[in-house]
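Structure, as structure tokens:
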Amino acid sequence: MFTNILLAVDGSELSLRAARHGIELAAASGARVTVVTVTIPWAAYFSREPAAVVPDAIVPQTAYELKREAVADRLLQNVVAEARRAGVAAKSVHRSQRDPYRAIIDIAQQEHCDLIVMGSHGHRGITGALLGSETMKVLTHTGIPVLVYRH
């Protein structure tokens, strides 16, 4: 059925539930999983915020990058560990890109994924993937099947 399922996560409870369902599907079909989180680069993130015009309100780039990396690493480690506990081979990819949907599609193609599993909406935060609008963008810009997990 499937050989490599991409699980897009942003740290929201909904994205983690979607990943759990993707792991169950992978276990049932003998597939492996590629767990992906996408973060928005410092310059892109703060160009979207009103705080960008107030210099002292901006988080220093180094602090942002360190926190972003730590949060992404912890998130990916947790989901990969959950997959491995279920007997599913897993790898993780963290990408920093202004457009999360584009990174998700690019990684799915590079990793030869034959299914993308995403939540129908998420939250905006340090990991930056807006899975509601990002899910819609993935659906409309890829030929790879997308399984949308809804709350």
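Restricting attention to the stretch 81-131, the residues being among the small types (Gly, Ala, Ser), in a loop (DSSP other than H, G, I, E, B) and at pLDDT 95 or above number 3. Scanning the stretch 79-97 for residues that are without any contact (Cβ under 8 Å) to a residue 40 or more places away in the chain and under 17 Å from Leu6 (Cα atoms) yields Ala81, Arg84.
If you go through the stretch 1-52 and keep only what is modelled with pLDDT of 95 or more and part of a loop (DSSP other than H, G, I, E, B), you end up with Phe2, Thr3, Val9, Gly30, Ala31.
The values are calculated or read from the model by the stated rules, or taken from the named source; none is laboratory data. Predicted model, so just to flag it, every value in this text is computed and none were measured. All Cβ positions, even for glycine, are placed from backbone atoms using ideal geometry, and neighbour counts span all protein chains on display.
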